[in-house]
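In what follows, a single structure is set out as C-alpha cells and then discussed.
The values are calculated or read from the model by the stated rules, or taken from the named source; none is laboratory data. Everything quoted here is computed from the prediction, not taken from an experiment. Counting neighbours? That spans all protein chains shown, and the Cβs are built from the backbone with ideal geometry, glycine included.
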Amino acid sequence: MTSTTDPSLTSWIESANEKGAEFPIQSLPWGAFRRKGSSERPRLGVPIGDQVLELKKCVENGLLAGIEVAAGEALCEPTLNALMALGPKAWTTVRSSISELLRSDCARVRDSNRCRMRAVVPMDQIELAMPVAIGDYTDFYASVHHATNVGSMFRPDNPLMPNYKHLPVGYHGRASSIVLSGTPIRRPSGQTCPKDGEPPVFGPSKALDYELEVGFFVGRGNTLGTPIPIASAREHIFGLTLVNDWSARDVQKWEYQPLGPFNAKNFGTTISPWVMQLDALEPFLAPAPKRAKADPELLPYLKWSDDFLIDLKLEVRIQSASMRDQDMAPVVVSKGTYRDMYWTFAQMLAHHTSTGCNLRPGDLLASGTVSGPDEDSRGCLLERTWRGEYPIELPDGTKRAFLQDGDEVIIAGYCQKRGATRISLGECRGRVVSS
Ligand code: CA
C-alpha cells in the first residue's frame, strides 16, 4: 500500500498539486461544513486544493473502497466522534481510501461528472462548522520554558514548582466555551485586585492575553478504571488542532490560588477548523525530548522508548483594528516549534488516565502555552512583554502590553522539511470585541 504522505502523489484536482498548496493530497485533514448561508446539518469533509470532498456523498455513492460498514456510517455523521471511536485501524483505512480516490490515476470520481457534482464542493461555497463534539477539555503546562518564564515573574529564586519535572501539570478546562476559528471573543469581565492589600474590583479585564497551544483529540477512549499505558498512546491520539487558550491575566492573578485557573480561562478557547490526523504528520515526528542530566528519573508509567514530539512550526500574528483600516498585514509576534516541549502528548494521556479517569472520543487535550528558549518564541503576551513591562510595538505605531479591543490574533502551524510535502494545520483566529 502506498503511504498517504508519499511526496510523489498527485491529485486529479489540479489546485492540490500547485506548489505551496494549502491542502495537497498528502495532508487530508478532517473538517465539518455546511453550504454557505444554509442552516443545514453539518457534514464531514476533507479539503483538497480549493475543493472539499463531501464524505457522506462518497459513502452513499459507494466511492470509498475497502472501508468497513461502521466507518461508512461514521462518515455520514455531522461530527468526527463516531469515526474517532472506531480506533486507529479504521482511521488509517479510511484515510488511505480517501487518498486513493483523489489520486491522479483513480478514475471513479475524476471521470464521472455526476460523482464530481455530488461529492466535490468548491471551498468558496462552504462555511466551516465545529468538527468534533467536545465532551471534556484538559489543558496542560508542558513547556518548561513557559513554566520557567511565568514562574520566575512570581518566584524569581525558584521558578519551577517541585513537581514540574515529575509529572505533566494540567487542569480541567471548560468544553462548552470552545469555539471555532473566526468566532469573536468578547472581553470578559471579572474580579481583580489591582493593588495588593486593597479590596478587589469588578470590571472588564485589562490584561487579556492569548496562549499559543497545540491540542490533540482523543480517538478511542478508555473505560473508567482502566488507565491507558503510555506505549498504547498512538492508538488513542486521533489528530491535532491549533488552540488559542484566551486568558485574562488580571483575573487569573487574583483567583488562581489555591485551585488554579477558573474564570480567567472559561470565556473562550478557539480551535482551528481542520483536524490533522496523526498519520499525515508521520514524516515530522521527532524523538521525545532528551532529559537533562540533572532532571529527575521518570517514573515507569511516563516512560516510553518510542515517545515522540512533532516538528511543528508555530507562529502568532496580530492585526489591530487600525492596521486593518490601513491595509497592513498582520505582524508576527511569536515564532516557535512544538519540538521545544518538555512533556509529550503520550505522557499527558498516560498521566491523565493513570488514575483510571476515562477519556472519551472527541475529548480535547491541549499542550499549554508553547514557548521556546528565545524571546521571540514565547507563546503569550505575558511572557513576550514580561507582564507588560516591555510592550511590543505594532506597525501602526501603537504598543501592546496586552490585547486591545479590535485586535485579531492568528495562530498558524505547519510542518516542513526536505523530502516531505509541507503540511499546514491552517489557522486559528479570533478577534477581541469589547465587553
Ligand atoms: Ca493554557
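Brief remarks on what is shown
- Residues of region 251-286 that are within 25 Å of W386 (Cβ to Cβ), within 16 Å of the ligand (Cβ to nearest atom) and in contact (Cβ under 8 Å) with a residue 40 or more places away in the chain: V251, K253, E255, G260, P261, N263, A264, K265, F267, G268, T269, T270.
- Only one entry of A65, A21, A70, A82 meets the criterion of being part of a helix (DSSP H, G or I), in contact with an Asp or Glu (Cβ under 9 Å, 6 or more places away or on another chain) and small (G, A, S), and that entry is A82.
- For K57, the conditions (1) touching a residue at least 60 places away in the same chain (Cβ under 8 Å); (2) more than 13 Å from V120 (Cβ to Cβ) all hold with the exception of (2).
- Some residue of region 171-181 being modelled with pLDDT of 95 or more, surrounded by 15 or more Cβ atoms within 10 Å (Cβ to Cβ) and touching a Lys or Arg at 6+ places or on another chain (Cβ under 6 Å): yes
- Odd one out for P200 among (1) of a type outside the set (A, V, I, L, M, F, W, C); (2) within 15 Å of the ligand (Cβ to nearest atom); (3) in contact with a Cys (Cβ under 8 Å, 6 or more places away or on another chain): (2)
- Here the condition is being modelled with pLDDT of 95 or more and not in a loop (DSSP other than H, G, I, E, B); of G430, G368, it holds for G430 alone.
- Single match in D306, D327, D295 (criterion: surrounded by fewer than 18 Cβ atoms within 10 Å (Cβ to Cβ), on the phi > 0 side of the Ramachandran plot and assigned to a loop (DSSP other than H, G, I, E, B)): D327
- If you go through region 412-426 and pick out every residue that is in contact with an Asp or Glu (Cβ under 8 Å, 6 or more places away or on another chain) and either part of a loop (DSSP other than H, G, I, E, B) or free of Cβ contacts under 8 Å to residues at least 40 places away in the same chain (or both), you end up with 1.
- Annotation note: of W12, W91, W30, the sole residue that is over 27 Å from L180 (Cα atoms) and of a type outside the set (K, R) is W12.
- Selection from region 36-62 of residues that are part of a helix (DSSP H, G or I) and among the basic types (K, R): K56, K57
- Considering region 180-200, and only residues there that are touching a residue at least 24 places away in the same chain (Cβ under 8 Å), more than 22 Å from G215 (Cα to Cα) and in a loop (DSSP other than H, G, I, E, B), the residue that is farthest from the chain's Cα centre (by Cα) turns out to be P200.
- The condition of being of a type in the set (K, R) and either in contact with a Gly (Cβ under 9 Å, 6 or more places away or on another chain) or not assigned by TED's automatic domain parsing to the domain that holds A286 (or both) holds for only one of R317, R324, that being R324.
- Test: P261 is surrounded by fewer than 15 Cβ atoms within 10 Å (Cβ to Cβ), outside any strand (DSSP E or B) and assigned by TED's automatic domain parsing to the domain that holds Y141: no
- Summed over region 348-380, residues that are under 23 Å from V144 (Cβ atoms), of a type in the set (A, V, I, L, M) and away from the ligand (no atom under 16 Å from the Cβ) total 2.
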